[in-house]
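The values are calculated or read from the model by the stated rules, or taken from the named source; none is laboratory data. Everything numeric here is computed off the predicted structure, so don't read it as measured data. So basically every Cβ, Gly included, is an ideal-geometry build from the backbone, and we count neighbours across all protein chains shown.
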Amino acid sequence: MRATRSHITLLLLLAGLPCAQAQDAWPVDSLLNTWPLHVHMQEQRTKPKVGTVPDTEQLYQQLKRETPALPVFADEEVDRTIALFATLRREHFRAVLTAAKEHLPMIERELARHGLPNELKYLPFALSAYNPQAAGNSGEAGLWMLTYPVALKQGLTVSATLDERRDPSKSTEAAMRWLQDLHGHYGDWPTALMAFTCGPANLTRARLRSGSDRDPRLLYPHFSPAHRSILPRLMAFTYLAMNAEQLDLAPLPIRITEPNDTVRFDSTLQINALTRVVGTRPSRFRAINPTFIGGVVPAGVPFLLPRSEAQRFPDLAFVVLEAQSTRPRQAATELRKEEEPIDKLPDGREATLYRITEGDCINCIAERFGVKAEDITAWNELSDAPLELGNTLIIYLPRAERLRYEGDTVNVATLPPEIPRNKVKDTPMEDPEFITYTVRSGDSLFLIAKKYPGVSADDLMRHNRIGADIRPGQKIKIPKR
């Protein structure tokens, strides 16, 4: 019966009917946006092999026998995920196997060194697709999708410029300690892993909603929407990885990493200027330096460059400094005529123009401007087709941000203090040391802090006397810097 359900799922997928798992594969999608997998997938000229639906009749027995530490179960959601990634998205899963091949030896060594079960190596398959640059809607990040509070507790640095959760080695060490803590608290590995994937509070709520049930098959539907698909994906991806050879799911014939060397410089470097001068793509730089989440490399912090570019860097370092000292006024002086009126949204945000450059993607541009990727798509009526080099995009920003981007420092200086676009209106008395922010859907303290230079998620927790959990509509104080 279960193999039959998988075939029915494939028919639904081919017919274009909704499938929850087809819409919830963000770790894999984000992996394909990274260098060099993005380049490889763009270069494919032949239609990939579709593959066949595997017989999952023995799935539960095999996983129970070979991965006893995992919260093993099997249901239709697991079948759907297996059918999807063994057929229509098999190239995506091959990309995951390619990324896993780069990190698995290190992870297996750390598991053995800490005395943890070897099958815990499958966790990043479902959490991040083995993508160090992965990030979740609830603020998780890195191979192990650690939350901000867990990262701080385990000694990692998370700031506006650096996020050590994205360092494969450091985040793995932190994940080992967190897994040991959870196992010590719960007393068994399946429960500890459920708490690791969705958070202890989420697990407690799920138990209450399910009548204190401990069966993962009955528990996971009660997890929060952002975490609900992780356990089925873990079962499916573990099964696919264990049977990859039989299913003809070989890793892609490329290497995720490339020869590189460590470089250090005494001054702060802007990543856009650095990559432009040394002749590499920003996406390539971020793939080998995933911990740099802002637009700069802090002074004195070591970073990696591809070997050929690293050898040239000493001769180009001061050219980078000169390039970043004069900011191009691309939008105002090159892309828009002076006499053209500025288009505005009802909330007051003003239009600026951005020219697409090599290596750009919608998510990268959205992160740069602090807007949503879906907003950029709507503003520009974009399709699923790749961005075309040289085309321009409309981006709506608060006036002060637009002027700063366009390099109009004179007009910026004459503006009154900026009021955030989502500040609560008609507030009778405003604290002069804080501004008020209303939490929106999808926000996390880490993402909010990134919008305000000099403010960290830790600052927000301390000034508001709150934990990491926030809800839409909640008002929080942002310290002025």
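Considering A241, A250, A236, the condition of being crowded, with 21+ Cβ neighbours inside 10 Å and of a type outside the set (V, I, T) is satisfied by A236 alone. Screening W189 on (1) under 30 Å from F285 (Cβ atoms); (2) at pLDDT 95 or above; (3) not hydroxyl-bearing (S, T, Y) shows it passes everything except condition (1). Scanning region 306-322 for residues that are under 15 Å from N272 (Cβ atoms) and among the aliphatic types (A, V, I, L, M) returns L316, V319, V320, L321. Restricting attention to region 98-110, the residues being surrounded by fewer than 20 Cβ atoms within 10 Å (Cβ to Cβ) and either of a type in the set (D, E, K, R) or in contact with a Pro (Cβ under 8 Å, 6 or more places away or on another chain) (or both) number 6. Looking across region 111-138, the residues that are buried (at least 24 other Cβ atoms within 10 Å of the Cβ), in a loop (DSSP other than H, G, I, E, B) and out of contact with any Lys or Arg (no Cβ under 8 Å at 6 or more places or on another chain) come down to S128, A129, Y130, N131, A134. The set of residues in region 210-227 that are modelled with pLDDT under 90 and surrounded by 15 or more Cβ atoms within 10 Å (Cβ to Cβ) comprises S210, A226.
Within region 305-318, being within 15 Å of D266 (Cα to Cα) and surrounded by 14 or more Cβ atoms within 10 Å (Cβ to Cβ) holds for F313, L316, A317.
So, R255, is that one under 24 Å from R166 (Cα atoms) and either free of Cβ contacts under 8 Å to residues at least 40 places away in the same chain or surrounded by 17 or more Cβ atoms within 10 Å (Cβ to Cβ) (or both) or not? So R255 fails the test. In the set F285, F237, only one residue is outside any loop (DSSP other than H, G, I, E, B) and over 23 Å from R312 (Cβ atoms); that residue is F237. For L88, the conditions (1) of a type in the set (A, V, I, L, M, F, W, C); (2) surrounded by fewer than 23 Cβ atoms within 10 Å (Cβ to Cβ); (3) at pLDDT 95 or above all hold with the exception of (3). The set of residues in region 54-77 being within 28 Å of the chain's Cα centre (by Cα) and more than 14 Å from A241 (Cα to Cα) consists of A69, L70, P71, V72, F73, A74, D75, E76, E77.
Checking each residue in region 453-481 for being at negative phi, at pLDDT 75 or above and more than 20 Å from the chain's Cα centre (by Cα) picks out P453, V455, D459, L460, H463, Q474, K475, I476, K477, I478, P479, K480. Give the residues of region 261-275 that are touching a strand residue (DSSP E or B) at 6+ places or on another chain (Cβ under 9 Å) and either surrounded by fewer than 18 Cβ atoms within 10 Å (Cβ to Cβ) or farther than 24 Å from Q324 by Cα (or both), sorted by residue number. Answer for region 261-275, where residues must be touching a strand residue (DSSP E or B) at 6+ places or on another chain (Cβ under 9 Å) and either surrounded by fewer than 18 Cβ atoms within 10 Å (Cβ to Cβ) or farther than 24 Å from Q324 by Cα (or both): D261, T262, R264, T268.
Confirm whether W144 is outside any helix (DSSP H, G or I) and either crowded, with 19+ Cβ neighbours inside 10 Å or in the same structural domain as T291 (by TED's automatic domain parsing) (or both). Yes, satisfied.
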